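Below you'll find the structure, written out as structure tokens, and then a few comments.
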């Protein structure tokens, strides 16, 4: 189970498909919504729509229908909203996995559609904390292409996400946790840490283990 959780998290970090298209002469790239990345998808989507200046329909209800006495300002606002609504809906559908589209409501505005997606993907903070903690404290470093520095940065990413959710993990604990998850090849640096009273910062740790890994590559012919 632990390996499966880490594999899923790793895929979430590095292998999420993206879609790129052009809106108002702006090239836009959005993570594809696949069911478990809603928070990141929504962040990318809102930023992209605001960058293209077509975000009004995501925040405002549909204006009253135009009538003969509608003013020029009212007509302009209605036209801007309609354009925004059309582009936002098309962008939502284009950046959503095919198997999720069939369950989306029809004849909804972009604002209503986003509200539906938010309701479907609402996850309790307790569940999110549980997942992040489980991933963090079950991580193990295997000598790989991304390198030990990147590995520790991924641990810090989890620490930051937990902090946002109100769970504080001190840097000193992160240093111990990171060292404890390194393989036997890093035995010398672990011994160095455990036999001195000096406190290492996260930056100290990263600098030391990156240098150690480079030495391992040269001295032992490890291909990373």
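Derivation of every value follows stated rules applied to the coordinates shown; laboratory data play no part. Here the structure is a predicted model, which means the values were calculated and not measured. Please note: Cβ atoms are built from the backbone with ideal geometry, for glycine as well, and neighbour counts cover all protein chains shown.
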Give, in nm to one decimal, the length gained when the segment between residue 137 and residue 71 is fully stretched (0.36 nm per residue of separation minus the Cα-Cα distance). 17.6 nm
Would you mind ranking 54, 210 so that the residue whose beta carbon has the fewest other beta carbons within 10 Å leads the list? 210, 54
Relative to the chain, whose Cα atoms define the longest principal axis, helix 110-120 and its Cα axis are tilted in degrees, nearest 10, by 40 degrees
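Which FRET efficiency value, to the nearest 0.05, do you get for residue 60 and residue 125 by plugging their Cβ-Cβ distance into 1/(1 + (r/R0)^6) with R0 = 30 Å? Display every interim value, and only then the final one.
On the way: r = 29 Å, r/R0 = 0.96.
About 0.55, to the nearest 0.05.
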Mind pulling the angle between the C-alpha long axis of helix 72-94 and the longest principal axis of the chain? Nearest 10 degrees, somewhere in 0 to 90. 40 degrees
Measure nothing fancy, just the Cα-based angle from helix 202-220's long axis to the longest principal axis of the chain, in degrees from 0 to 90, nearest 10. 60 degrees
Tell me, what does the Kirkwood hydrodynamic radius of the chain come to in angstroms if you use every pair of distinct C-alpha atoms? 21.1 Å
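Given 4 °C and 1.567 mPa s, how large is the Stokes-Einstein diffusion coefficient of the stretch 168-224 in µm²/s, with Rh as the Kirkwood radius over Cα pairs?
It comes out at roughly 107 µm²/s.
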With a 10 Å radius around each residue's Cβ, average the other Cβ atoms per peptide and rank 66-76, 101-111, 35-45, highest first. 35-45, 101-111, 66-76
If you build a Gaussian network model of the chain, linking Cα atoms that sit under 10 Å apart, which residue out of 100, 179, 132 swings the most? 100
What is the mean projected area of the alpha carbon convex hull for the stretch 2-120, to one decimal in square nanometres? 8.6 nm²
